[in-house]
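A short worksheet on the structure shown next.
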Amino acid sequence: MSIQVSDEIVAAPHRDPWYLRLPVIADLRRSHGLQRGMLITGVVLSAILLLTAIFAPLIAPYTWSAQGDDQGSFGVQQPPSSRNIWGTTVSGFDVFSRVVWGSRTAVAVIVCAVIASAIIGVVLGVISGYIGGWLDRILVMIADAVYAFPSLLLAIVLSIVISGGRSSSWGGILSAALSITVVFIPQYFRVIRAEAVRLKAEPFVEASKVLGAPRRKIMFGHVLRNSTRTLPLIFTLNCSEAILTLAGLGFLGFGIEPTAAAEWGYDLNRAVSDVTSGIWWTAVFPGLAIVLSVLGITLVGESMNDLNDPRLRTRKGVKKGRGHNKLQGTPQVTQPAAPEGIDHV
């Protein structure tokens, strides 16, 4: 029996460039239909929020605390005009400028709060789930105690403790971010801990122990790497929840001083009495900013979760009955030919 070995070398599989393998871009490439529409809508709305925050000084015609220009005072509750395209508030602020500058405040709180809570919650979750014992029981008890409090009420209490309820621009942003961080940590902790408890009994973890890998490498190199599938969804949902929590703090009067930074929740609070008087522009535009920002971030998170979950992901071009025998309903399997020189058994 002789076996002929071909001289051809099997080509290595094609690998896309690194920028095409980024989370959102990779999801866009493999999405289609309604999933692609939702993801593109969310990406566009989120990009508008981010770009507005970055280029706020170039987009806004006035500062967040400006009540007049070279022509004089804006006036209070003035309807939209060429001078103030979205009108003015009861305090004499330009609505368009306040909404644009408010995007910067929202993005700053998201970056500070969500990233800090994700890092702390993930690290504590991996340590607690992998090590277990008394440390795990204590951390779980603390997380459950924090999680039992209403998130907005806990944020209000922490905001009062940190800044006295009112603060300067960065002081208010940091106090709001810290109060939101404490609320979000248990969410990341519980998800990562559950994955760590499941993964530490897997064969690849046992093999790493047998090979003498240090505990730190096993926890953060193997367990953590395989337990972050749901983090993008939690991250995006927390971003939208951070915007709502910040708006709630401002609406209830525990946010940032209006002369220190623009904040959508405070503007809505000041516009409550305007709505009953038929002055709609002071409430509509800050409210739309909150709704569209939360909607865009939520659509991105939900779409990424659907695309990364095999049970929810739909496949392009899959038709009912394709690849099956029309008479018997079973896949058609063709026996591969034996290599030259080898007889069939």
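Every number in this text was worked out from the coordinates using simple rules, so none of it is lab data. Everything quoted here is computed from the prediction, not taken from an experiment. Cβ atoms come from the backbone with ideal geometry, glycine included; neighbour counts cover every protein chain shown.
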How do 178-191, 145-158, 247-260 rank on mean C-beta neighbours within 10 Å, highest first? 178-191, 247-260, 145-158
Segment GLU202-LEU51, length gained on full extension (0.36 nm per residue, minus Cα span): 50.0 nm
For ASP69, distant residues with modelled amide H under 5 Å away: PHE74
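Around GLY121, with a cut-off of 15 angstrom between Cβ atoms, what is the net charge of the other residues, counting Lys and Arg +1 and Asp and Glu -1? Numbers along the way, then the final one.
Values: positive: ARG190, ARG193; negative: ASP136, ASP144, GLU195, GLU241.
Cβ neighbours under 15 Å give a net charge of -2.
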